[in-house]
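Shown next, in structure tokens, is the structure this report addresses.
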2 protein chains.
Amino acid sequence: MKRTEEDKFMERCLYLATKGAGYVSPNPLVGCVIVKNGEIISEGWHKIFGGNHAEIDAFNNAKRKNISVKGASLYVNLEPCSHYGKTPPCVDMIIKEKIKKVYIGIKDPNKKVNGNGIKKLINNGVEVKYNILKSECEKLNKFFISYITKKRPYVTLKIAQSIDGNIALKNYKSKWITGYESRMFVHGMRSIYDCVLVGRNTVVKDNPGLRVNNKKYRDPFRIIIDANSKLNNKYKVFNNDDGKSIRITSNLAKYEYDVRLSSSNGNFNISNLLKKIYEMDFNSIMVEGGSVTFKNFLKSGLFDDIYYFISSKILGDGIKTFDNYAFDTLNKSNKLKISSVKQMGDDVLIIYNK
Amino acid sequence: MKRTEEDKFMERCLYLATKGAGYVSPNPLVGCVIVKNGEIISEGWHKIFGGNHAEIDAFNNAKRKNISVKGASLYVNLEPCSHYGKTPPCVDMIIKEKIKKVYIGIKDPNKKVNGNGIKKLINNGVEVKYNILKSECEKLNKFFISYITKKRPYVTLKIAQSIDGNIALKNYKSKWITGYESRMFVHGMRSIYDCVLVGRNTVVKDNPGLRVNNKKYRDPFRIIIDANSKLNNKYKVFNNDDGKSIRITSNLAKYEYDVRLSSSNGNFNISNLLKKIYEMDFNSIMVEGGSVTFKNFLKSGLFDDIYYFISSKILGDGIKTFDNYAFDTLNKSNKLKISSVKQMGDDVLIIYNK
């Protein structure tokens, strides 16, 4: 499909928006361009939680260069806010700066404000067009949209397995099953998700650091499921120099990073677990294992996609990806939808949507 | 890479050659074009086992239309034969017809004749160029090359599994795991392989017909591994109306289609099994299951590629693709090479080479 000029300016907004990835959560990723006579005269984006919104950033950048935005068009991938939050409402500024027309990607998914920004703009004589590159805009802010509309973080299961469905050898001497490209890709994912989450057994068997190996990027929070507080603080994941370790336990808090949540027989209800993570203002988690944790998320149905890395190795009788989870008919089994397929070095990455 | 004129004529030979697929085994697939002033003036291909070779077919077609081939160039994807077989040697005919130059894909893989055809042509004043689209020519005749050089049929494991490594539910109520596109693709494969092969348990649990559902194409031979002759003749696979059922057994022959091979404790040695199939003049087999048979082929290392169909379903605790096969280190596990990856409906087909 041919891209229109509007699409191209919106694509630029989306690109600018991604620069905030990993830093603005639980807020949305937003980029903004101001256009006059078919040329971009200023740009901005939402850089950090609590900082200026993208529109304000674009206005400030124009002012710094003494560029007049009067009568210009403004493109932004999310409906401008009309309420007082950490910053004054963007629609007021748009009106004050005499912007002629506003092109909006998608409406604010928050039902309470949905459309109010647009209404106020129109009532003040600003032309508005919205739903430009709608699905791209929704995809970019899938974390934020889940946070607002489902009141839970967006959940990605990240699975790395042998072609025949094992995440490890029986003796766990199988580091690593997938190759360099896949592992580097996962490090990139970690720099964008608010948190990574693993079960207790993965900590014991693999002792992962769960950080981003490229120091240019920020590390995610590390959530460890350990209902009975069986883990001691010697594991890498509890090296809390950055204050980002969180252990979810049903026991009395023992370490500074312990967060309490009631369990039944040492098992957390996934819905309760996600509610807890939501209440901590996290909008996204990547579940990295192991087989019990994957099984629990799969059974709950509370996940959004699976990043499935398939190694070209055959491991035979190993640790199955989903622990002890049986069906008696195909209808009851989990059917996923393929979103994309690509070769990644010696592995294949299949992204499934639920 | 840019295709030269030579490449294009050789591609045409390869295309023509494929028309014989399924009908010329164990002989090679061969196509031929005769070119004058940059135009194809005649074409031919090897149509059926025992029939005219491609070169002779092309000469005959030219004669039928009263077209002179004198001084023309001849393209053929495999070195013309120089020995008397079921038909007279093609090089003699090429010399007699006064072809000026012969463009050859690959030499005859048979060490005994390898290069002899070329030598005879050159000694008789015919110009020769060879190794044109070498790897494509080798790929097209991989069955024939295996038959000649390894003295065993080319072996493809065709696996259809859930994403988490199960070929069936525990109760076998899982027909089918993969979707329509994948299954139709497999029917196409059956029409090209000399034989499909399954183990006894697959016959009992699935009762497959193992034929091609499109009657335009020919069915493969059906080889059933049943060392102790436990199967009765009521299963679909033994409907021998076409004389293509073969049971390999170590017992006394009971049915007309029984072929004897000695086993140890009811297990066939895969190398012996392939020797037996080779001696029946089959150049290719597709192994369709089940988990014990897949395990035995994998352990033997006697296979050439795997067509791995991965369904978007998760089955949990089912029948594992490879039965009861464990490794203690990653080094000992089977590492494959990805040849291609593509989405096929709701499935992904990964082709691995060994």
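The values are calculated or read from the model by the stated rules, or taken from the named source; none is laboratory data. Only a predicted model underlies this, so the values are computations on that prediction, with no experimental measurement involved. Glycine also receives a Cβ, built like all others from the backbone with ideal geometry; neighbour counts cover every protein chain displayed.
Looking at this structure, is A:TYR172 at pLDDT below 95 and out of contact with any strand residue (DSSP E or B) (no Cβ under 9 Å at 6 or more places or on another chain)?
Values: at pLDDT below 95: yes; out of contact with any strand residue (DSSP E or B) (no Cβ under 9 Å at 6 or more places or on another chain): no.
The answer is no for A:TYR172.
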For this session: State all residues of segment B:56-87 that are in contact with a His (Cβ under 9 Å, 6 or more places away or on another chain) and closer than 16 Å to B:ASN124 by Cβ; if no residue qualifies, say none.
Result: B:PRO80, B:CYS81
Exercise. Does any residue of segment A:138-146 turn out to be touching a Lys or Arg at 6+ places or on another chain (Cβ under 6 Å) and surrounded by 24 or more Cβ atoms within 10 Å (Cβ to Cβ)?
Worked result: no
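So is A:LYS276 surrounded by fewer than 21 Cβ atoms within 10 Å (Cβ to Cβ) and closer than 14 Å to A:VAL196 by Cα or not?
On the way: surrounded by fewer than 21 Cβ atoms within 10 Å (Cβ to Cβ): yes; closer than 14 Å to A:VAL196 by Cα: no.
No: the conditions fail for A:LYS276.
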Problem set entry | Any chance B:LEU298 is surrounded by fewer than 20 Cβ atoms within 10 Å (Cβ to Cβ) and either closer than 30 Å to A:VAL341 by Cβ or of a type in the set (A, V, I, L, M) (or both) | no
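Surrounded by 15 or more Cβ atoms within 10 Å (Cβ to Cβ) and under 27 Å from A:GLU136 (Cβ atoms), is that true of A:SER312?
On the way: surrounded by 15 or more Cβ atoms within 10 Å (Cβ to Cβ): yes; under 27 Å from A:GLU136 (Cβ atoms): no.
Considered against the rule, which asks whether it is surrounded by 15 or more Cβ atoms within 10 Å (Cβ to Cβ) and under 27 Å from A:GLU136 (Cβ atoms), A:SER312 comes out as no.
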Problem set entry | Scope segment A:26-48; condition surrounded by 24 or more Cβ atoms within 10 Å (Cβ to Cβ) and either more than 17 Å from A:ASN60 (Cβ to Cβ) or in contact with a His (Cβ under 6 Å, 6 or more places away or on another chain) (or both); matching residues | A:PRO28, A:LEU29, A:VAL30, A:HIS46
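So that you can scan it fast, the table gives a plain yes or no per residue for (1) farther than 19 Å from B:ILE319 by Cβ; (2) surrounded by fewer than 19 Cβ atoms within 10 Å (Cβ to Cβ); (3) in contact with a Pro (Cβ under 8 Å, 6 or more places away or on another chain):
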{"residue": "B:SER182", "(1), (2), (3)": "no, no, no"}
{"residue": "B:CYS195", "(1), (2), (3)": "yes, no, yes"}
{"residue": "B:VAL198", "(1), (2), (3)": "no, no, yes"}
{"residue": "B:ASN207", "(1), (2), (3)": "no, yes, no"}
